[in-house]
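Take a look at the structure set out below.
The values are calculated or read from the model by the stated rules, or taken from the named source; none is laboratory data. The model shown is predicted, which means the values in this text are computed figures rather than measured ones. Every residue, glycine among them, receives a Cβ derived from its backbone with ideal geometry; neighbour counts consider all protein chains shown. The accessibility values were calculated without ligands, DNA or RNA, using every heavy atom of the protein model including side chains. Shrake-Rupley method; radii C 1.70, N 1.55, O 1.52, S 1.80 Å.
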Amino acid sequence: MMSNQEVHFLEDAPPQDFTGTTLQLGEDKSGAGPSSLGHSNGLNIENDAFKHKRDVALVPWSGEDARDFFSHRSELIEKAIKECMSEVVTGEDGDVLGSWLLTEISLWDHEKERLVVLTSKCVLTIKYDFIAMRTLDVRRVPTEQIDTLVIGELEYPVHSLIPRINGLVTGVSGIVKGCLVRPLQDRFTPSPSLTTDINANPLALTNFEPRSRNLRGVRTMWNQGQPLTFTKKWNPFTSDIPWVTYTSHPLLWHKEADEKERSIFNVDDFAYHLVHAVEKPNRPCSIEHKPILLDNYVGLGSLIHNKNALGFFKVRGKFSF
């Protein structure tokens, strides 16, 4: 039997000084998104402007199997990067600082899968065919020409219909898949489905709510603050646009790998290295942390393009393109 001196109650505990301590509810081990931009060199960024939102990207992701992306195969990415290093990068480009597989967003809001190689002298945006394993196009932008970097959330104009149309399309497609397609799959396919729903109930009203991008990005600009001319802005075939907008590849959220391996899909990791590449004492470059405006008000063509991930090399049923 305990003596009176051995019995302690919570309210009798000696007071503790908790000044300066931090309450932490738990560590996120889900791997849903990078919490910092740590890299192999041990550098970390504490600036909130670089911390990635953990929201799942809804565009172009629509719930298909991540393995449908040809770039899901890590060995293909490694082979593509080695090929680009030997065939595209030259001695005049300087030292290679890093390489990524990102999503480029065109002036017309079309999302496209691109290999991005950053060197000490330029940024190379490469269109690579992961099916035929060959380089299709290369865009080289010298870092000394970049006068502005914009880093922030991708946003549409206030009066844009894209978020509302995107919510409507997402809700309707959820009903079609949940009420028609999935029952047939469950009936004729004995194995469990690999797809995941945005909402378990396809008839939920939340599926029809306006949906923003929920994505961060970086825009490199070399236009000296000058707006586009009328002929360039409304010509869908022009390629002479003095800026490029990048965001993370969809596999950042859906590829089963550790944070270091998934950093190749992370636009924040690219932005971190890009900032250090363009910041030179003798060549000022404006770095702005603010929303990146996607000038798209209706854009049904871009909505169809992005919803079906037509800018990515994927397995599409019996076809691959």
> Would you pick out the residues in the range 290-321 that are part of a strand (DSSP E or B), open to solvent by 90 Å² or more (accessible area, probe 1.4 Å) and either within 29 Å of S160 (Cβ to Cβ) or touching a residue at least 24 places away in the same chain (Cβ under 8 Å) (or both)?
Replying inline: L293
>> If the requirement is being modelled with pLDDT of 95 or more, within 30 Å of N235 (Cα to Cα), aliphatic (A, V, I, L, M) and crowded, with 22+ Cβ neighbours inside 10 Å, which of these qualifies: L102, L124?
In response: L102
> Quick one: which of N207, N214, N223 is open to solvent by less than 60 Å² (accessible area, probe 1.4 Å), assigned to a loop (DSSP other than H, G, I, E, B) and either in contact with a helix residue (DSSP H, G or I) (Cβ under 8 Å, 6 or more places away or on another chain) or modelled with pLDDT under 85 (or both)?
Replying inline: N214
> So, of the residues in the range 241-289 that are of a type in the set (F, W, Y) and surrounded by fewer than 20 Cβ atoms within 10 Å (Cβ to Cβ), which turns out to be farthest from F70 (Cα to Cα)?
Replying inline: W243
> Being over 21 Å from the mean Cα position of the chain (by Cα), buried (at least 22 other Cβ atoms within 10 Å of the Cβ) and over 17 Å from E83 (Cβ atoms), is that true of even one residue in the range 136-144?
Replying inline: yes
> Just one of the numbered conditions (1) modelled with pLDDT under 85; (2) of a type outside the set (F, W, Y); (3) within 16 Å of the chain's Cα centre (by Cα) is not true of P284; which one?
Replying inline: (3)
